[in-house]
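Below is one structure, written out as structure tokens, with a few remarks after it.
The values are calculated or read from the model by the stated rules, or taken from the named source; none is laboratory data. Just so it is clear, the model here is predicted, and its values are computed rather than measured. Every residue, glycine as well, gets a Cβ built from its backbone with ideal geometry; the counts of neighbours run over all protein chains shown. For accessibility, only protein heavy atoms count, side chains too; no ligands or nucleic acids. Shrake-Rupley method; radii C 1.70, N 1.55, O 1.52, S 1.80 Å.
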Amino acid sequence: VQLQASGGGLVQAGGSHKLSCVASGTLSPSDVMGWYRRPPGQQRKLVARINAFGTLYGDAVRGRFTVSRDNAKNTVYLQMNSLEPEDTAVYYCNVDQKGRDYWGQGTLVTVSS
């Protein structure tokens with residue numbers, strides 16, 4: 001599985017932005033697709049993930065971000081609303097396929113105050 005993320009950029013605080021990630025290969029709806037992020041100087045952490053059984057969000061984004069998925073396109077999206085400077089990070093697309101992790105190259109989102 002190879003992942004190609006897109007949509008990073010510069011956004012003003014309070015604004016919205018959307019990331020996309022396309023996966024090559026064969027995925028099942030039960031495979032987990034999601035997003036992690038690494039803020040400057042910090043470790044990578046879960047943002048949101050989704051599979052056929054539901055979604056899971058990190059505490060810092062719950063209520064502001066929405067993860068969705070188009071299985072026909074092997075694509076996962078991250079809609080980010082009410083962005084804060086603390087959301088500045090490199091965002092990584094992830095697929096967990098039966099316990100094996102695949103990662104995209106990362107896309108930088110910078111939120112200006």
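In order along region 58-66, the phi-based Karplus estimate (6.51 cos²θ - 1.76 cosθ + 1.60, θ = phi - 60°) of 3J(HN,Hα) comes to x, 4, 6, 10, 4, x, 10, 10, 9 Hz; Gly and Pro are listed as x. Within the accessible area of the chain, what % is carbon and sulfur when the probe is 1.4 Å and the other protein chains stay in place? Looking at the chain in its full context, I get 48 percent from C and S. A cut-off of 5 Å between modelled amide H atoms, ignoring neighbours fewer than 5 places along the same chain, links Ala60 with no other residue.
I need to check one value: relative contact order of the chain, counting alpha carbon pairs closer than 8 Å and at least 6 residues apart, in percent.
37 percent
In sequence order, region 101-112 has phi-based couplings of 9, 10, 10, x, 7, x, 9, 8, 10, 10, 10, 8 Hz under the Karplus curve 6.51 cos²θ - 1.76 cosθ + 1.60, θ = phi - 60°, and Gly or Pro positions carry x.
The label point for Thr26 and the one for Gln42, both projected 7 Å from the Cα toward the Cβ, are 3.9 nm apart.
For the chain, the Kirkwood hydrodynamic radius comes to 13.8 Å, computed from all pairs of different C-alpha atoms. Considering every alpha-carbon pair of region 1-56, the percent of pairs per 10 Å bin, from zero through the bin containing the longest distance, is 18, 45, 31, 6. Here the Karplus curve 6.51 cos²θ - 1.76 cosθ + 1.60, taken at θ = phi - 60°, turns the phi angles of region 16-21 into couplings of 10, 7, 10, 10, 10, 8 Hz, with x standing for Gly and Pro. Within a straight-line Cα-Cα reach of under 19 Å, Lys73 can be paired with the following lysines, leaving aside sequence neighbours fewer than 8 residues apart in one chain: Lys18.
Using a Gaussian network model on the chain with a 10 Å cutoff between Cα atoms, which of Asn71, Asn51, Asn94 fluctuates the most? Per the Cα network of the chain with a 10 Å cutoff, Asn71 tops the list. The spacing between region 1-65 and region 98-113, judged by their C-alpha centroids, is 7 Å.
Given a 1.4 angstrom probe, what's the average accessible area per residue across the chain, in square angstrom?
Working: 5930 Å² over 113 residues.
Accessible surface, normalised per residue, equals 52 Å².
Springs between alpha-carbon pairs under 10 angstrom, Gaussian network model over the chain: which of Ala48, Ala60, Ala89 fluctuates most? Most flexible of the set in this elastic network: Ala60.
Ordering Tyr36, Ser16, Ser82 by the projection of their Cα atoms onto the charge dipole of the chain, which places +1 on the Cβ of Lys and Arg and -1 on the Cβ of Asp and Glu, puts Tyr36 at the extreme positive end.
When +1 charges are put on Lys and Arg Cβ atoms and -1 charges on Asp and Glu Cβ atoms, the dipole computed for the chain relative to its Cα centre reaches about 140 debye.
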